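To start, the structure under review is shown below, and the notes come after it.
The values are calculated or read from the model by the stated rules, or taken from the named source; none is laboratory data. This structure is a prediction, so every number in the text was calculated from the model and none was measured. Heads up, the Cβs are rebuilt from the backbone with ideal geometry, glycines too, and the neighbour counts pull from every protein chain shown. Heavy atoms of the whole protein, side chains included, go into the accessibility calculation; ligands, DNA and RNA do not. Shrake-Rupley method; radii C 1.70, N 1.55, O 1.52, S 1.80 Å.
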Amino acid sequence: MYLSYSLNYFIQVPGRMGMIVTLYLISANVYNSVDAPKVRGFSYVEIWMLGSQFPILFALCEYGFVLYLKKVAKKVDEEKNMMIMDCKVIEAKPDLEDKIKKLDFVTMIFSFVFFALFAILYWTLLLS
């Protein structure tokens with residue numbers, strides 16, 4: 001399941017948001033299809049679903065932040081183009097793209113470590 005999460009960090013197109021939302025909807029649908037007693041309370045199934053949905057929601061927030069950074073950079077570029085009348089254009093996009101790639105990499109590593117630790121703790125506590 002983590003393979004699906006990690007793929008969204010390598011996609012740099014608008015389809016990335018669609019893939020993240022689709023992963024979240026699939027995860028929620030799996031939870032809704034579990035047959036269990038109505039009065040079971042907060043069980044291991046809920047703990048697993050919360051732990052497995054956190055990386056998806058984290059990726060959704062991270063990509064929203066990336067889109068916000070791109071929007072702000074675009075506005076700054078437009079303002080610079082209006083202020084500078086000659087042919088010189090100052091570009092900050094390569095620096096921004098590097099920062100976004102680093103942010104994606106750090107987020108992917110954090111997400112992997114979180115999910116690995118969560119799965120290890122979940123299964124050791126469940127089996128003990």
Of all residues in segment 8-32, which are among the hydrophobic types (A, V, I, L, M, F, W, C), closer than 19 Å to Val106 by Cα and either at pLDDT 85 or above or surrounded by 14 or more Cβ atoms within 10 Å (Cβ to Cβ) (or both)?
Ile11, Met17, Ile20
Tell me whether segment 33-48 contains one or more residues that are open to solvent by 80 Å² or more (accessible area, probe 1.4 Å), at pLDDT 90 or above and either aromatic (Phe, Trp, Tyr) or farther than 22 Å from Leu121 by Cβ (or both).
no
Can you confirm whether Phe65 is surrounded by 14 or more Cβ atoms within 10 Å (Cβ to Cβ), modelled with pLDDT of 90 or more and of a type in the set (Phe, Trp, Tyr)?
no
Is it true that some residue in segment 80-102 is modelled with pLDDT of 80 or more, closer than 27 Å to Trp123 by Cβ, touching a helix residue (DSSP H, G or I) at 6+ places or on another chain (Cβ under 8 Å) and not small (Gly, Ala, Ser)?
no
